[in-house]
Amino acid sequence: MKKVFIDGSSGTTGLRINERFAGRDDIEIMEIDPEKRKDPAEIKKFINESDITFLCLPDDAAREAVTLVENENTVILDTSTAHRTEPGWAYGFPELSREHREAVAKSKRIAVPGCYASGFIGLAYPLVKGGILPKDYPVSIFAISGYSGGGKKLIADYEAEGRDKKYDSARMYGWGQTHKHLKEMKAITGIDRLPLFSPVTTNYHSGMIVQVPLYADLLAKKMKPEEVRDFFADYYKDEKFIKVMPFGADVEAGGAIFSDGCAGWDGMEIFVTGNEDRMVVASRFDNLGKGASGAAVECMNIVIGCDPARGLDL
């Protein structure tokens with residue numbers, strides 16, 4: 001039985017991880033005294049007595065927690081932004097390639113991807129690797145997420161009694177093009193420049209869609225959208241966490257795809273829509289599932305050698 005410590009267990013990501021452990025008999029959750037949950041000495045003790053520690057913390061706190069590790073056998077799974085592009089850290093998106101999966105399985109340091117980044121990288125990495133999307137393509141991203149992706153403060157703002165009516169409408173942010181997920185989007189896919197990124201949160205709890213529009217004549221290979229869809233289906237054919245939707249799924253759904261359609265689910269759907277001139281590739285998933293807690297548990301499962309989907313909702 002593996003001993004598991006969640007540093008930051010009261011946060012949104014930590015709570016969802018705890019939910020995914022319900023009923024499991026192969027792990028023991030180490031419970032820290034709530035009064036000592038910010039005591040560095042106590043945290044250090046728990047980390048070094050654990051087989052696996054999840055860091056569900058702000059970036060600076062996650063960096064500090066890593067400095068407390070003395071047990072060389074303790075595996076750290078960091079859900080913050082702090083280590084996603086750091087040397088020596090495996091990037092926790094095992095479906096991207098055999099190399100990514102092997103790195104997760106063998107590493108003692110695993111950085112769990114960001115939610116928006118997961119949606120983009122799940123689309124762009126295969127296209128770049130397959131020689132379809134040029135590395136110098138001027139990428140733009142439009143994405144919408146439930147408000148739970150903003151953490152405790154934003155959740156409180158949306159769920160407050162008598163809340164400001166502005167939260168009834170779409171909250172468009174990131175205007176300065178400095179969103180914290182941009183760095184890993186560029187680094188992991190290998191594209192030449194940071195994407196133009198337009199994120200939106202709105203009035204529902206969880207679930208998201210990430211869209212990347214593409215001009216067919218700017219791609220490195222001339223492909224129809226149906227062919228791009230078939231490329232994704234072949235690329236992810238053996239992956240239980242990735243479901244490539246049939247071409248025309250948007251039409252079958254009445255011409256609209258709702259962003260909360262995967263809420264509570266731990267996988268990711270991929271759509272390809274459009275025509276021979278312009279197309280959109282999109283991913284739909286739960287920002288707390290494949291975009292955070294679900295991805296973290298999947299990585300842990302790979303580390304301990306059990307079914308990657310154990311405890312997850314697929």
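The values are calculated or read from the model by the stated rules, or taken from the named source; none is laboratory data. Please read these numbers as outputs of a predicted model, since none were measured by experiment. Neighbour counts are summed over all protein chains in view; Cβ atoms, including those assigned to glycine, are modelled from backbone coordinates with ideal geometry.
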> For segment 23-47, how many residues are in a loop (DSSP other than H, G, I, E, B) and in contact (Cβ under 8 Å) with a residue 24 or more places away in the chain?
Replying inline: 6
> With (1) over 30 Å from residue 27 (Cβ atoms); (2) more than 16 Å from the chain's Cα centre (by Cα) as the list, and residue 238 as the residue in question, which single condition is left unmet?
Replying inline: (1)
>> I need a count of the residues in segment 60-90 that are in contact with a helix residue (DSSP H, G or I) (Cβ under 6 Å, 6 or more places away or on another chain) and within 17 Å of residue 182 (Cα to Cα).
In response: 6
>> With the requirement that a residue be among the β-branched types (Val, Ile, Thr) and either in the same structural domain as residue 88 (by TED's automatic domain parsing) or farther than 26 Å from residue 262 by Cα (or both), what does segment 140-199 give you?
In response: 178, 191
>> I'd like the residue in segment 270-314 that is among the acidic types (Asp, Glu) and in a loop (DSSP other than H, G, I, E, B) and, out of all such residues, is nearest to the chain's Cα centre (by Cα).
In response: 286
> Failed condition for residue 251, given (1) in a helix (DSSP H, G or I); (2) of a type in the set (A, V, I, L, M, F, W, C); (3) more than 24 Å from residue 128 (Cβ to Cβ); (4) touching a helix residue (DSSP H, G or I) at 6+ places or on another chain (Cβ under 8 Å), with all others met?
Replying inline: (4)
> Any residue at all in segment 232-248 that is modelled with pLDDT under 95 and at positive phi?
Replying inline: yes
> Among 166, 180, 135, which is the only one that is of a type in the set (Lys, Arg), out of contact with any strand residue (DSSP E or B) (no Cβ under 7 Å at 6 or more places or on another chain) and within 26 Å of residue 299 (Cβ to Cβ)?
Replying inline: 180
>> I'd like the full set of residues that are among the hydroxyl-bearing types (Ser, Thr, Tyr) and assigned to a loop (DSSP other than H, G, I, E, B), limited to segment 201-245.
In response: 204, 206, 236
>> Regarding segment 94-102, can at least one residue be identified that is at pLDDT 95 or above, part of a helix (DSSP H, G or I), surrounded by fewer than 22 Cβ atoms within 10 Å (Cβ to Cβ) and in contact with a Pro (Cβ under 6 Å, 6 or more places away or on another chain)?
In response: yes
>> For segment 48-89, give me each residue that is in a strand (DSSP E or B) and either touching a Cys at 6+ places or on another chain (Cβ under 8 Å) or touching a residue at least 40 places away in the same chain (Cβ under 8 Å) (or both).
In response: 52, 53, 54, 55, 75, 77
>> I'm trying to understand the selection: among the residues of segment 199-215, which are surrounded by 14 or more Cβ atoms within 10 Å (Cβ to Cβ) and over 20 Å from residue 250 (Cβ atoms)?
In response: 199, 201, 205, 206
> If we keep just the residues of segment 264-312 that are among the acidic types (Asp, Glu) and free of Cβ contacts under 8 Å to residues at least 40 places away in the same chain, which is farthest from residue 199 (Cα to Cα)?
Replying inline: 307
